[in-house]
Amino acid sequence: MSWKYLLGVVVGLVAAVSARAQEYPRPAVPDLDRLTQELFAEIQSDQVPYEDLYETLLQYYQTPLNLNTASREELRGLLLLSETQITSLLEHRRRNGPLLSLYELQSVEGFDLRTIYRAAPFVAAATANPNAGRGNLWQRIAHEENNALFLRYERVLQARPGYAPPDTTRTGAPATRYLGSPDKLLVRYRVSHGKDFSLGFTAEKDAGEQFRWDPATRRYGADFYSAHLVVQERGRLKTLALGDYQLQFGQGLLLSSGLAVGKGAETITTLRRSSVGVRPYSSVLENTFFRGAAAALALTSTLRATAFGSRKRIDASVQQAPDSLADFSEFSSGLLLTGFHRTPTELANRQALGETVLGGNLSYHSAGDDLQAGLTAVHTQFDKPLQRRDEPYNAFELRGRRNLALGAHYSYVWHNVLLFGETARSSSGGLGTVNGVLASLAPTVDAALLYRRYDRNFHTLYGNALSENSRNINENGVYLGLKVRPVARWEVSAYYDRFRFPWLRYQVGAPSAGHDWLVRVTFSPTKTSLLYAQLRQRTKAYNADTLRPAPLPVPTRRQSLLVFYDASPTPALSLRTRVQGTSYEEEGRPIRRGYVLAQDVTVQPLRRLRFSARYALFDTDDYDTRQYVFEQDVLYAFSVPALSGQGTRAYLLTQYDFNRHLTLWLRFATTNYRHQRTIGSGLEEIQGTTRSEVKAQLRYRF
């Protein structure tokens, strides 16, 4: 045996040990709190889709994306990588073969340590087919490690009139009461494996809802059920979904029932959407999914066809036509999206409208994934017509039983530039279009430009492309984004969005316009610490509180400032400090302000035990200056309370792993108000100055 061979063996062993020692470990639970604040949240709004965000990221955590086999579109769906980083990774794979470990990402152009640490919990570098030699489908399900059952319980401790015994009003009529208990219950089971299968079911009862078996009213115990079976990569059959599923194609103009982040602190990567196609659904949102079947087939190596059908009943306000000569004897005046069925009125609206959705997508991608294009068709039919309230702002809303929407989408990568877009037309003749470009102007400079136009009579029921409105209708806008990394550990990100509403909106009695901008400066002193300051301003018109016979929209301006610091002095201790404030200006009224100061502490004294706590002080002039503060919660849950008035907010979250199978979470949160005798209003009103909630969750991993 020659000395050269021995030297080669020694060098190889040292390199392997070194790479293993420096590998980026996957934590027991990904730090979704910090990641959410870094990328998507901090925009002082209750419209952030935390449920979809958590569901998507936890799916990636449980079944990591294999960087050695992932396509460009799948890498985009991760939302954490820029287009330049994706291109560099694909080129690295082409030149050097598969990655041997995540540590090798440091040698890929454009991947800095912050990006690698941020993506590490959700990706893997597998060199072999993880599904090879695992037996048939049912054997793989039976032996899958990613296999868990969740049980969750929640309750507000204070008494509220909605849960009081039945009573009568002064007129002798029965007082409105919730029909169920104040307990919120959830059961969730899921077993899944990436690029192979997913099987699961969910059952939920919200606080105030009954747990009742009554087939005549379509109630079978819990108020909401969801179940799915999805299989993938069966030769030409790329995906088959049965039960509940989600669809995402193009820029989400027609189909975006999954995660859609929109405007936020991440000003570049989340601007474009990815055509991830058919995905399993296991969340508890009761209106953002399809129920039926969907299948995706590979017609050729570059052409894929997807067909889907959905039939479910949705909540709606159904009314009888007062005029016998009306076109419809009964109609729906609007779709209801809360998912609550607690009172007789809410129960009467439960599943009152039948919805059938049929459609498909035909997509093409070039051999190198540089060019992608597709066509989408979505036909929606209701068993009762939609007839909106006779208000001026509803003049161009969807009416009748049917809506057919047809669209085309594209994306093209050329050097360091990505062009993307989607255009669609609905049955009313209204058009919607969104087109954008992402460009790396330099190794440390990224820019984005997006133009959108949604006609006032453009109707898409499952679309959610980027917009200022909650729906893609009655809006024109231009978005500019910029991200600069001037020196190591520093990053500056910003966007400016100018929008216009050509027609009336709810609470806005005339065409209006506005703008929204954000600037964030981020500094990462170490791998485990983060400091950033953020300033945001949004100007938007609302009707003034005047006695004028005609509505008078006036501009309102909301400014918010946030300073956040996250540090881990030791592996067992994490500290987070947050200071944020808001000012709200409206013509004819004095400036109003609100503030919050929050301190978080996370301690892990034992490997199996973890404590997370917060103490916060808040002071706001009114509800317009309320403060949204993201909180840590049990796995698969989230908490973003709106703090208004004056008081304190505190919570304690405990996680204990009894063994590798059983984990328990306990959470107690309380809000104490000053200078007020009641909290809330109506059926949710609390007599006193304190509102407290308890939550417990048990996970059993099979």
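The values are calculated or read from the model by the stated rules, or taken from the named source; none is laboratory data. From a predicted model like this one, the values you see are computed outputs, not experimental measurements. Cβ sites come from the backbone with ideal geometry, for glycine too, and all protein chains shown count toward neighbours.
Of the residues making up region 179-196, those that are closer than 15 Å to Glu154 by Cβ and in contact with a Ser or Thr (Cβ under 9 Å, 6 or more places away or on another chain) are Leu186, Val187, Arg188. Among the residues of region 145-160, write down those that are farther than 19 Å from Glu684 by Cβ and in a loop (DSSP other than H, G, I, E, B). Of everything in region 145-160, those that are farther than 19 Å from Glu684 by Cβ and in a loop (DSSP other than H, G, I, E, B) turn out to be Glu145, Asn146. Total residues in region 74-119 satisfying the condition of being outside any helix (DSSP H, G or I), surrounded by 15 or more Cβ atoms within 10 Å (Cβ to Cβ) and not hydroxyl-bearing (Ser, Thr, Tyr): the figure is 10. Looking only at residues of region 247-278 that are modelled with pLDDT of 90 or more and not in a loop (DSSP other than H, G, I, E, B), we find that the one that is nearest to His365 (Cα to Cα) is Gly277.
For region 583-606, which positions are buried (at least 18 other Cβ atoms within 10 Å of the Cβ) and not in a strand (DSSP E or B)? Residues satisfying the conditions do not exist here. Scanning region 209-266 for residues that are more than 24 Å from the chain's Cα centre (by Cα), under 27 Å from Leu149 (Cα atoms) and of a type in the set (A, V, I, L, M, F, W, C) returns Phe211, Trp213, Ala222. Residues that are farther than 13 Å from Ser181 by Cβ and modelled with pLDDT of 95 or more within region 145-166 comprise Leu149, Phe150, Leu151, Arg152, Leu157, Gln158, listed in sequence order. Every condition in (1) surrounded by 15 or more Cβ atoms within 10 Å (Cβ to Cβ); (2) assigned to a strand (DSSP E or B) holds for Ser427 except the one numbered (2). A single member of Thr338, Thr345, Thr356, Thr376 is among the polar types (S, T, N, Q) and assigned to a helix (DSSP H, G or I), and it is Thr345. Take the conditions (1) hydroxyl-bearing (Ser, Thr, Tyr); (2) surrounded by 15 or more Cβ atoms within 10 Å (Cβ to Cβ); (3) over 23 Å from the mean Cα position of the chain (by Cα); Tyr506 misses just one of them, which is (2).
If a residue must be part of a loop (DSSP other than H, G, I, E, B) and closer than 16 Å to Thr345 by Cβ, how many such residues does region 161-183 contain? Number satisfying all stated conditions: 9.
Inside region 431-467, can you point out the residues that are at pLDDT 95 or above, within 16 Å of Ala408 (Cα to Cα) and assigned to a loop (DSSP other than H, G, I, E, B)? Within region 431-467, Phe458, His459 qualify. For region 430-443, check the following and say yes or no: at least one residue is surrounded by fewer than 16 Cβ atoms within 10 Å (Cβ to Cβ) and closer than 30 Å to Pro551 by Cβ. Yes, there is a match, as at least one residue in region 430-443 is surrounded by fewer than 16 Cβ atoms within 10 Å (Cβ to Cβ) and closer than 30 Å to Pro551 by Cβ. I need a count of the residues in region 290-306 that are touching a Leu at 6+ places or on another chain (Cβ under 9 Å) and part of a loop (DSSP other than H, G, I, E, B). The total comes to 1. Candidates Val554, Val521, Val563: the one that is modelled with pLDDT under 90, assigned to a strand (DSSP E or B), of a type outside the set (Phe, Trp, Tyr) and within 27 Å of Asp619 (Cα to Cα) is Val554. Looking at Asp633, Asp624, which is the one that is in contact (Cβ under 8 Å) with a residue 40 or more places away in the chain and part of a helix (DSSP H, G or I)? Within the list Asp633, Asp624, the selection yields Asp624. Within region 400-415, being surrounded by 17 or more Cβ atoms within 10 Å (Cβ to Cβ), touching a strand residue (DSSP E or B) at 6+ places or on another chain (Cβ under 7 Å) and not small (Gly, Ala, Ser) holds for Asn403, His409, Tyr410.
Of the residues making up region 337-375, just one is surrounded by 19 or more Cβ atoms within 10 Å (Cβ to Cβ) and of a type in the set (Val, Ile, Thr), namely Val357.
Would you check if there is a residue in region 666-676 being loosely packed, with under 15 Cβ neighbours inside 10 Å and part of a helix (DSSP H, G or I)? No, every residue in region 666-676 fails to be loosely packed, with under 15 Cβ neighbours inside 10 Å and part of a helix (DSSP H, G or I). Kindly provide the set of residues from region 407-466 that are basic (Lys, Arg) and closer than 22 Å to Trp517 by Cα, ordered by number. Matches in region 407-466: Arg452, Arg453. Note on region 542-551: among residues that are closer than 17 Å to Pro590 by Cβ and surrounded by fewer than 16 Cβ atoms within 10 Å (Cβ to Cβ), the one that is modelled with the highest pLDDT is Asp545. Taking (1) touching a helix residue (DSSP H, G or I) at 6+ places or on another chain (Cβ under 8 Å); (2) at pLDDT 90 or above; (3) assigned to a loop (DSSP other than H, G, I, E, B); (4) not aliphatic (A, V, I, L, M) in turn, Gln351 satisfies each apart from (1). Of all the criteria given as (1) touching a Phe, Trp or Tyr at 6+ places or on another chain (Cβ under 9 Å); (2) in a strand (DSSP E or B), the one not satisfied by Phe611 is (1). The set of residues in region 462-502 that are in contact (Cβ under 8 Å) with a residue 12 or more places away in the chain, within 26 Å of Glu355 (Cβ to Cβ) and surrounded by fewer than 20 Cβ atoms within 10 Å (Cβ to Cβ) comprises Asn469, Ser470. Remark: pairs (first residue in region 267-289, of a type in the set (Lys, Arg); second residue in a loop (DSSP other than H, G, I, E, B); Cβ separation under 6 Å; 6+ apart in sequence or on different chains) = Arg273/Gln251; Arg273/Gly252; Arg279/Gly258. May I ask you to verify whether Tyr189 is buried (at least 17 other Cβ atoms within 10 Å of the Cβ), of a type outside the set (Gly, Ala, Ser), within 26 Å of Phe638 (Cβ to Cβ) and in contact (Cβ under 8 Å) with a residue 12 or more places away in the chain? It is true that Tyr189 is buried (at least 17 other Cβ atoms within 10 Å of the Cβ), of a type outside the set (Gly, Ala, Ser), within 26 Å of Phe638 (Cβ to Cβ) and in contact (Cβ under 8 Å) with a residue 12 or more places away in the chain. Taking first residues from region 677-702 that are buried (at least 16 other Cβ atoms within 10 Å of the Cβ) and partners that are in a strand (DSSP E or B) and among the basic types (Lys, Arg), the Cβ contacts under 6 Å between residues at least 6 apart in sequence or on separate chains come to Ile679/Arg691; Lys695/Arg667; Gln697/Arg152.
Note on region 503-514: residues that are touching a residue at least 60 places away in the same chain (Cβ under 8 Å) and either of a type in the set (A, V, I, L, M) or outside any strand (DSSP E or B) (or both) total 5.
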